Structures are given as C-alpha cells and as structure tokens.
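The structure follows.
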Amino acid sequence: MNIIYNISKQDIIDTNQRVINLNLDELDVFGVNQSTLDEVFKIFDKVDVTDDLQGLIKKGVYLMASIAWAQPFSGGNKRTASLITATFFHHNEIEMVIPEDGKELRKLLYEIQEERLGLNEAVMEQIIFYISKTITTHEPR
C-alpha cells in the first residue's frame, strides 16, 4: 500500500470554511492562524508509519488529533479535523464511518485538546483503536 499524502493546508482551510458555513454553532466564525496550521503539518509530517493499513490509520489519526490539539481555527476545529481525516482516508481508498452521534470520538478529541503540552500518547492509542473499528476498505476504481 502506498499512502497518498495529498492533503494541503488550503484543503484544511476550505474544509473549515465549509464547517463554519453550516452554522451549526452560532458562535462559530471563520479565522485561521497560519503558524498554528503550520504546526499541524510539522506534527503530521514527523509521524513515521509503515506502508500498510495500520500505518495509514495512524497517519490519519495524527492529522485529526493535531488539528484538534493545535486549534488553528477560530471555530469548528474538531469537526474540521474529522472531515479532513475522512477525506485523507477516502483518497487512500478507505472510509471512516463514525456513528451519527460521534460521542466517543468527540470525547477523545476533547481529551487531546485539553492536554496543552502535546499530543497525549495514551489518548492517541485510544483514538487509533477507535478509528480502526470504523474503517472499511473499498476496491480501487
């Protein structure tokens, strides 16, 4: 498996803009801190993974968690993190199917967000396990 890394900063910004435009939270406004978004990519790029499904899941989880942790946007960070990670997985021919209420994932992402010193490795392992249970693969087109 060759992991496709074609998520750009602009993809993440555009995803956040769409999240904010949904008006799910009346307090959400669009704003991005570019240096914080750069930090997300530093974390994402540093993660060394194997070229298999588990490596792909780990890479996707680090993308998701780094956005939730760094909070590069004025609002909608966790929703943006989940959606852009689903996009990352889709580009790699797998789908992440989160239950409609998404309570468990939201709880884990809040835990990541609260740890200001960095990504909590124990919580990261919980998220990797959780996401592993939500993944389905599909055949290339």
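Are any of the residues in the range 37-47 under 22 Å from Lys107 (Cα atoms), surrounded by fewer than 20 Cβ atoms within 10 Å (Cβ to Cβ), more than 14 Å from the chain's Cα centre (by Cα) and not acidic (Asp, Glu)?
no
Could you check how many residues of the range 105-123 are within 14 Å of the chain's Cα centre (by Cα) and farther than 15 Å from Lys78 by Cβ?
0
Output the residue which, of all residues in the range 42-74 that are in contact with a helix residue (DSSP H, G or I) (Cβ under 6 Å, 6 or more places away or on another chain), outside any helix (DSSP H, G or I) and of a type outside the set (A, V, I, L, M, F, W, C), is farthest from Ile127 (Cα to Cα).
Pro72
Right, next: What number of residues within the range 1-21 are under 11 Å from Thr80 (Cβ atoms) and either small (Gly, Ala, Ser) or in a loop (DSSP other than H, G, I, E, B) (or both)?
0
May I ask you to list the residues in the range 105-118 that are at pLDDT 95 or above and either charged (D, E, K, R) or not in a helix (DSSP H, G or I) (or both)?
Answer for the range 105-118, where residues must be at pLDDT 95 or above and either charged (D, E, K, R) or not in a helix (DSSP H, G or I) (or both): Lys107, Glu111.
To continue, here is another question. Quick test of your reading of the structure: Ile7 fulfils all but one of (1) in contact with a strand residue (DSSP E or B) (Cβ under 7 Å, 6 or more places away or on another chain); (2) of a type in the set (A, V, I, L, M, F, W, C); (3) surrounded by 13 or more Cβ atoms within 10 Å (Cβ to Cβ). Name the failing condition by number.
(1)
The values are calculated or read from the model by the stated rules, or taken from the named source; none is laboratory data. None of the values given here were measured: they were computed from a predicted structure. Using ideal geometry, Cβ is built from the backbone for each residue, glycine included, and neighbour counts are taken over all protein chains shown.
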